[in-house]
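S.K.: Attaching a single structure in structure tokens format; questions to follow.
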Amino acid sequence: MKTISVFGVFVADLCFIANAIPEKGQTILGSQHIVGPGGKGSNQAIAAAKLNGKVNFITKIGNDKNGEMALNLYKSLGMDVASIIQDKNHSTGVAGIMVNEKTGDNAINIIPGAAGTLTNDDIEKNLNFIANTDIFLTQLETPYDVTKYALTKAKENKLTTILNPAPACQINDDDFKLIDFFTPNETEAEFYLNKKIETEKDIKIASEEFLKKGIKNVVITLGEKGCYFANNKENFFMNAFKFKEPVLDTTGAGDAFNGALAVGLSKDLDIKEVLTFANKVAAISTTKQGAAASMPSMEDLKNY
Ligand code: RIB
């Protein structure tokens, strides 16, 4: 089985649950407040670890209570915490998450905190955690130049790279060639191509445009509609899983998908099997509250 390194952000998610997401200028009375582990990189690393992936996670946290929450979680999953940088001068990041309990939809504002101060030097010091693995997974919550540096190092060391471009931010044209698997959702794909993506035809054309940019494999995630895969040899849609359990909270569903994608690739499964697995993991995560807390284990998968 191949090994995985994840680079990204840990934050404490402050979740506010109510029967709606407040609109501009509106105050609403919520029903629940939960504080739990979040941050896309951390969620993806945890998803992979819970699915028995061999994974390490590179990030920066503060020397505070939220940082302790992160370390305790990684240790409880048997993850090596030597790649977690603790910084005395910055606080662990936080995210404010509004969740609609009727639909599971959310709105997120993230402050990366200590992880926002990650540098190329931090990558250099932790290069062994990347170089000794086979698959590199990252997102866009860390500073762009550092993420690009990490991707470059991963490619130099012949890893398969996955970029989950979330939250969407400018990617230099020259950097697309660093990406083996690109996993935007529809909104992120629209951002990169600067046009609306509404129909199946739009999705296919969008994927072709991403491939022309130098990306090797494109996976556009489509929420409750599943996902679309394309590379230069094949392309197909894959339906999402639907369970009898209701959708409670979609926070972290994309992270569940990306963590599972990395694990599927680490097992050298056929791409259709990999995406079926990732779709299932993502769908299960929506039936549970929270981000990292909603990541299913292999045991959970058998029950769905
Ligand atoms: O993808 C969900 C995550 O996005 C949340 O956990 C939040 O922290 C933000 O990073």
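The values are calculated or read from the model by the stated rules, or taken from the named source; none is laboratory data. Note that the coordinates shown come from a computational prediction; the quantities given were computed from them, not determined experimentally. Neighbour counts are summed over all protein chains in view; Cβ atoms, including those assigned to glycine, are modelled from backbone coordinates with ideal geometry.
S.K.: What are the pairs, 6+ residues apart or on separate chains, where a residue within region 108-133 that is within 28 Å of VAL35 (Cβ to Cβ) and of a type in the set (Ser, Thr, Tyr) has its Cβ under 7 Å from a residue that is within 16 Å of the ligand (Cβ to nearest atom) and modelled with pLDDT of 95 or more?
M.R.: THR117/LYS60
S.K.: What number goes with the only condition from (1) in contact (Cβ under 8 Å) with a residue 60 or more places away in the chain; (2) buried (at least 17 other Cβ atoms within 10 Å of the Cβ) that ASP268 does not pass?
M.R.: It is condition (2) that ASP268 fails.
S.K.: Taking the condition of being within 13 Å of the ligand (Cβ to nearest atom), among the acidic types (Asp, Glu) and within 20 Å of PHE7 (Cβ to Cβ), how many residues in region 81-115 meet it?
M.R.: Of the residues in that region, 0 qualify.
S.K.: Right, another one. For region 24-67, which positions are within 16 Å of the ligand (Cβ to nearest atom) and either touching a His at 6+ places or on another chain (Cβ under 7 Å) or of a type in the set (D, E, K, R) (or both)?
M.R.: LYS40, LYS50, LYS60, GLY62
S.K.: Could you tell me which numbered condition PHE181 fails, if it satisfies all but one of (1) surrounded by fewer than 22 Cβ atoms within 10 Å (Cβ to Cβ); (2) modelled with pLDDT of 95 or more; (3) within 24 Å of LYS272 (Cβ to Cβ)?
M.R.: For PHE181, the exception is condition (1).
S.K.: Still on this structure, I have one more. Tell me which residues, restricted to region 7-23, are away from the ligand (no atom under 11 Å from the Cβ) and either assigned to a strand (DSSP E or B) or of a type outside the set (Gly, Ala, Ser) (or both).
M.R.: The first filter runs over region 7-23 and keeps only residues away from the ligand (no atom under 11 Å from the Cβ), leaving 7, 16-23.
Hits for region 7-23 are PHE7, PHE16, ILE17, ALA18, ASN19, ILE21, PRO22, GLU23.
S.K.: Take region 195-248 and flag every residue that is in contact (Cβ under 8 Å) with a residue 24 or more places away in the chain, in a helix (DSSP H, G or I) and in contact with a helix residue (DSSP H, G or I) (Cβ under 9 Å, 6 or more places away or on another chain).
M.R.: Listed by number, the residues that qualify are ILE203, SER207, PHE210, GLY223.
S.K.: Please determine whether any residue of region 132-142 is farther than 19 Å from ASN258 by Cα and assigned to a helix (DSSP H, G or I).
M.R.: Just the residues of region 132-142 that are farther than 19 Å from ASN258 by Cα, to begin with: 132.
Then keep just the ones that are assigned to a helix (DSSP H, G or I); that gives none.
Within region 132-142, not a single residue is farther than 19 Å from ASN258 by Cα and assigned to a helix (DSSP H, G or I).
S.K.: Any residue that is of a type outside the set (Gly, Ala, Ser), surrounded by 24 or more Cβ atoms within 10 Å (Cβ to Cβ), out of contact with any Ser or Thr (no Cβ under 6 Å at 6 or more places or on another chain) and under 27 Å from LEU261 (Cα atoms) - is there at least one of those in region 99-106?
M.R.: Filtering region 99-106 down to residues of a type outside the set (Gly, Ala, Ser) leaves 99-103, 105-106.
Checking which are surrounded by 24 or more Cβ atoms within 10 Å (Cβ to Cβ) leaves us with 99.
Keeping just the survivors that are out of contact with any Ser or Thr (no Cβ under 6 Å at 6 or more places or on another chain) gives 99.
In the following step, the residues that additionally are under 27 Å from LEU261 (Cα atoms) were identified as 99.
Looking for residues that are of a type outside the set (Gly, Ala, Ser), surrounded by 24 or more Cβ atoms within 10 Å (Cβ to Cβ), out of contact with any Ser or Thr (no Cβ under 6 Å at 6 or more places or on another chain) and under 27 Å from LEU261 (Cα atoms), one finds at least one in region 99-106, hence yes.
S.K.: Give me the residue from region 285-304 that is assigned to a helix (DSSP H, G or I) and of a type in the set (Gly, Ala, Ser) and, out of that set, nearest to the ligand (Cβ to nearest atom). Show your work before the answer.
M.R.: First, pick out the residues of region 285-304 that are assigned to a helix (DSSP H, G or I): 285, 292-294, 298-302.
Then drop every residue that is not of a type in the set (Gly, Ala, Ser), which leaves 285, 292-294.
Values: SER285: 10, ALA292: 7, ALA293: 10, SER294: 10 Å.
Here the answer is ALA292.
S.K.: Okay, next question. Specify the residue that is farthest from the ligand (Cβ to nearest atom); the eligible residues are those in region 240-256 that are buried (at least 17 other Cβ atoms within 10 Å of the Cβ) and of a type in the set (D, E, K, R).
M.R.: Per the criteria, the residue is ASP249.
S.K.: Then there's this: Kindly provide the set of residues from region 24-47 that are part of a strand (DSSP E or B) and surrounded by fewer than 24 Cβ atoms within 10 Å (Cβ to Cβ), ordered by number.
M.R.: So in region 24-47, the residues part of a strand (DSSP E or B) come out as 32-38.
Result: GLN32, HIS33, ILE34, VAL35, GLY36, PRO37.
S.K.: Let me confirm something: among ASP80, ASP13, which residue is among the acidic types (Asp, Glu) and surrounded by fewer than 20 Cβ atoms within 10 Å (Cβ to Cβ)? Please lay out each step first, then the result.
M.R.: On the way: ASP13 fails: surrounded by fewer than 20 Cβ atoms within 10 Å (Cβ to Cβ).
After applying the criteria, what remains is ASP80.
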